[in-house]
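Down below is the structure, laid out as structure tokens.
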């Protein structure tokens with residue numbers, strides 16, 4: 001049996017940013033309504049080097065398993081931080097119908113989720129947008145903002161990387177970290193090893209999508225700052241154990257009743273932003289249903305691409 005393989009370039013060609021945005025939104029809705037299901041991701045750790053993650057999901061006639069890594073030291077070796085494989089199967093027969101490079105799938109859905117949360121939870125009159133972290137996933141978020149018709153500024157600890165990314169995307173470079181952090185719609189995509197947003201750093205009316213701290217021990221925001229905000233997440237079970245919320249939950253600062261799931265807001269079963277002056281925070285841990293949404297969108301366009309096949 002010949003199975004199509006989507007390399008990184010094929011994934012990007014099949015699912016442009018606007019299509020990824022729509023697919024991820026539909027995935028959140030399907031999960032909130034119970035028609036798509038998944039289990040929390042399983043971590044196989046090899047710290048301090050990095051970790052492996054197994055992520056299954058089922059929905060829309062397909063089942064998915066993503067085996068993906070996060071090794072923050074890899075760029076210094078000339079290797080990607082994120083790598084792995086997505087296996088997409090027919091849910092009725094169990095037959096594998098596609099294989100996809102996991103890094104590109106992850107970047108697309110990360111960028112889509114960051115901007116989806118910002119547009120859903122940010123102020124209606126939000127004017128400025130910024131992405132802190134100009135790596136692969138940060139660029140995906142910036143690319144999604146641009147695809148949605150919103151200009152965006154980039155900042156990175158490596159100024160040359162920010163400038164190169166901005167030139168490639170047609171984005172702007174922030175004059176400083178402080179300027180970037182003051183944006184109405186803020187997306188942070190850092191390794192999560194240091195607190196980027198200490199207590200009292202966010203101003204009334206801001207929104208931040210926290211995309212970097214997606215594993216145990218990582219954090220981009222102080223617990224005290226979370227306590228000041230309206231808090232949202234992609235999935236309570238994952239976020240309360242391995243996301244930004246984990247430290248706040250462990251300290252007793254936040255509980256289940258203090259956090260709203262984004263999909264429920266999209267489905268209309270839970271309120272989003274309540275007032276223009278609220279600070280809203282979205283904790284993203286990355287969901288298998290998002291990967292499923294991207295994989296299904298790619299598969300739908302397989303016939304338009306000259307894809308290699310593997311015999312299984």
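The values are calculated or read from the model by the stated rules, or taken from the named source; none is laboratory data. Computed from a prediction, not measured in an experiment: that's the story for all the values here. So basically every Cβ, Gly included, is an ideal-geometry build from the backbone, and we count neighbours across all protein chains shown.
Before moving on, here are some points about what is shown:
- Verdict on residue 98 being over 30 Å from residue 274 (Cβ atoms) and surrounded by 19 or more Cβ atoms within 10 Å (Cβ to Cβ): yes
- Residue identified as touching a helix residue (DSSP H, G or I) at 6+ places or on another chain (Cβ under 8 Å), crowded, with 23+ Cβ neighbours inside 10 Å and over 18 Å from residue 118 (Cα atoms) among 248, 171, 239: 248
- Residues of the range 178-195 satisfying the condition of being closer than 19 Å to residue 134 by Cβ and at pLDDT 95 or above: 178, 179, 180, 181, 182, 183, 185, 186, 187, 188, 189
- All of (1) in a loop (DSSP other than H, G, I, E, B); (2) closer than 21 Å to residue 197 by Cβ; (3) touching a strand residue (DSSP E or B) at 6+ places or on another chain (Cβ under 8 Å) hold for residue 138 with one exception: (1).
- Unmet requirement for residue 272, which otherwise passes all of (1) touching a residue at least 40 places away in the same chain (Cβ under 8 Å); (2) within 13 Å of residue 282 (Cα to Cα); (3) crowded, with 19+ Cβ neighbours inside 10 Å: (3)
- Boolean, residue 265 is modelled with pLDDT of 95 or more, part of a strand (DSSP E or B) and either under 19 Å from the mean Cα position of the chain (by Cα) or under 20 Å from residue 176 (Cβ atoms) (or both): no
- In the range 275-299, the qualifying residues are those that are touching a residue at least 40 places away in the same chain (Cβ under 8 Å) and in a loop (DSSP other than H, G, I, E, B), and the one that is nearest to residue 62 (Cα to Cα) is 287.
For every residue, the table says whether it meets (1) within 26 Å of residue 67 (Cα to Cα); (2) buried (at least 24 other Cβ atoms within 10 Å of the Cβ); (3) within 20 Å of the chain's Cα centre (by Cα); (4) at pLDDT 95 or above.
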site: 203; (1), (2), (3), (4): no, no, no, yes
site: 217; (1), (2), (3), (4): yes, no, yes, no
site: 260; (1), (2), (3), (4): no, no, yes, yes
site: 298; (1), (2), (3), (4): yes, yes, yes, yes
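- When residue 285 is tested against (1) surrounded by fewer than 20 Cβ atoms within 10 Å (Cβ to Cβ); (2) at pLDDT below 95; (3) closer than 30 Å to residue 198 by Cα, only condition (1) is not met.
- Scanning the range 153-176 for residues that are within 21 Å of the chain's Cα centre (by Cα) and farther than 22 Å from residue 105 by Cβ gives 153, 154, 155, 156, 157, 161, 162, 166, 171.
- Residues satisfying the stated conditions in the range 2-24, i.e. outside any helix (DSSP H, G or I) and either in contact with a strand residue (DSSP E or B) (Cβ under 6 Å, 6 or more places away or on another chain) or crowded, with 21+ Cβ neighbours inside 10 Å (or both): 2, 3, 4, 5, 6, 7, 15
- Within the range 70-121, the set of residues being touching a residue at least 60 places away in the same chain (Cβ under 8 Å) and in a strand (DSSP E or B) comprises 70, 86, 88, 96, 97, 98, 99, 100, 101.
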